[in-house]
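Q: Structure in structure tokens, see below.
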Amino acid sequence: MVAAKNTFLEEIEAVARATEGGTGPLFGWRTVAELRSRMSETAERAAAWCDGRGLEPADLPPPSRRAYQVVSFLSSDGRLETHLKSLRLMMRVDERVSVRLDHIGSLYRFDRDSEGIRLSVSEGFVGAPEPVLESLVRLAVPYTRKRGPRSLVREYSESPGYSAALKEVEASGGAYQSRPVGAIYDLMDLFDSVNRTYFEARLSPPRLLWSERETFVEFGHYEPATDTVRISRTLDSADVPRLVPEHVMHHELLHRLLGAERHNGRRRYHSARFRREERLFRGYREAEVFLRRLSER
């Protein structure tokens, strides 16, 4: 699935490049329709493959799942046209930068080598305003001022527009689902307990996931764009007291509830209020000691 996705993205880049700078119709509609049809067929074959093995697309390994999601996303509802328009706008900014819109795990990333600069941008930016798309390219170009472009990109990444686009990508093909049940702990059970005890049961459930692999530095993460709480699989163990994953759940739900505070133009996620609220967790010190020892293994 990953190889098929990369081939499709290369074809999309070629279509955008062929029409870049032109004054005629934006794209060859017959070409776009044929490309969309092949992407749809590929997504359908991947779903059938999963079904034949008693799986769902959400069960695919992360790289294959993301590839399936973006191919499914681009094969319906005029999204391919919007993708192409956004890509062409970015291609115009600086000829040294080759650009790709993809379903990646970060806002953007770039690599520089002797052949130039390769920029990969999250599909969540599809359809973003032109100044935002231009700023993404500026961030990849050396020896340019980065403060303004970085601020503009960050602000858009926290906007409803980015969140809605990324949720649409992840929901495509039915692959956007919670996976709360672990070997020992059920994240929904932990959420319900923490929600009742510390938030008067006011919070609606976010998307709940265990991490794909064990981690020993970051034990939890909240992603606002997709309203996802992800807890480290390291904590899904009989050797880990229940209060430890509950503490991490409480920590991430506070991020969800409080968001960031602005201080001198900067965003602070662990503000004084956050720290006060965090210490209200019963067993806070015990859980922190356990996590510290776990990270030192």
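The values are calculated or read from the model by the stated rules, or taken from the named source; none is laboratory data. Remember, predicted model here, so these are calculated numbers, not experimental data. Cβ atoms come from the backbone with ideal geometry, glycine included; neighbour counts cover every protein chain shown.
Q: Exactly one of (1) closer than 24 Å to Thr226 by Cβ; (2) within 22 Å of the chain's Cα centre (by Cα) is unmet by Leu55. Its number?
A: Condition (2) is where Leu55 drops out.
Q: Let me ask something else about it. Yes or no: segment 134-150 includes at least one residue that is aromatic (Phe, Trp, Tyr) and under 17 Å from Met39 (Cβ atoms).
A: No, segment 134-150 has no match at all.
Q: Before we move on, is Ser120 over 15 Å from Gly173 (Cβ atoms) and either modelled with pLDDT of 95 or more or hydrophobic (A, V, I, L, M, F, W, C) (or both)?
A: Taking the combined requirement at face value, the residue satisfies it.
Q: When you go through (1) loosely packed, with under 15 Cβ neighbours inside 10 Å; (2) in contact (Cβ under 8 Å) with a residue 24 or more places away in the chain; (3) not in a loop (DSSP other than H, G, I, E, B) one by one for Arg262, which number turns out not to apply?
A: Among (1) loosely packed, with under 15 Cβ neighbours inside 10 Å; (2) in contact (Cβ under 8 Å) with a residue 24 or more places away in the chain; (3) not in a loop (DSSP other than H, G, I, E, B), Arg262 violates only (2).
Q: Restricting attention to segment 190-202, does a residue exist that is under 23 Å from His103 (Cβ atoms) and either assigned by TED's automatic domain parsing to the domain that holds His247 or crowded, with 19+ Cβ neighbours inside 10 Å (or both)?
A: No, because not a single residue in segment 190-202 is under 23 Å from His103 (Cβ atoms) and either assigned by TED's automatic domain parsing to the domain that holds His247 or crowded, with 19+ Cβ neighbours inside 10 Å (or both).
Q: Right, another one. What strands (runs of 3 or more DSSP E) lie completely within segment 46-140 and have 3 or more residues being of a type in the set (D, E, K, R) and surrounded by fewer than 18 Cβ atoms within 10 Å (Cβ to Cβ)?
A: Qualifying strands (runs of 3 or more DSSP E): 108-113.
Q: So, one more: Within segment 162-178, is even one residue surrounded by 19 or more Cβ atoms within 10 Å (Cβ to Cβ) and charged (D, E, K, R)?
A: Looking through segment 162-178, at least one residue is surrounded by 19 or more Cβ atoms within 10 Å (Cβ to Cβ) and charged (D, E, K, R).
Q: Scan segment 264-296 for residues that are of a type in the set (D, E, K, R), under 16 Å from Phe219 (Cα atoms) and in contact with a helix residue (DSSP H, G or I) (Cβ under 8 Å, 6 or more places away or on another chain) and jot them down.
A: Glu278, Glu286, Glu288 - these are the residues of segment 264-296 that are of a type in the set (D, E, K, R), under 16 Å from Phe219 (Cα atoms) and in contact with a helix residue (DSSP H, G or I) (Cβ under 8 Å, 6 or more places away or on another chain).
Q: Answer yes or no as to whether Asp94 is over 19 Å from Thr228 (Cα atoms) and either within 16 Å of the chain's Cα centre (by Cα) or touching a residue at least 40 places away in the same chain (Cβ under 8 Å) (or both).
A: Yes: the conditions hold for Asp94.
Q: Looking at (1) surrounded by fewer than 18 Cβ atoms within 10 Å (Cβ to Cβ); (2) within 16 Å of the chain's Cα centre (by Cα), which is the one condition that is false for Gly148?
A: Of (1) surrounded by fewer than 18 Cβ atoms within 10 Å (Cβ to Cβ); (2) within 16 Å of the chain's Cα centre (by Cα), only one is false for Gly148: (2).
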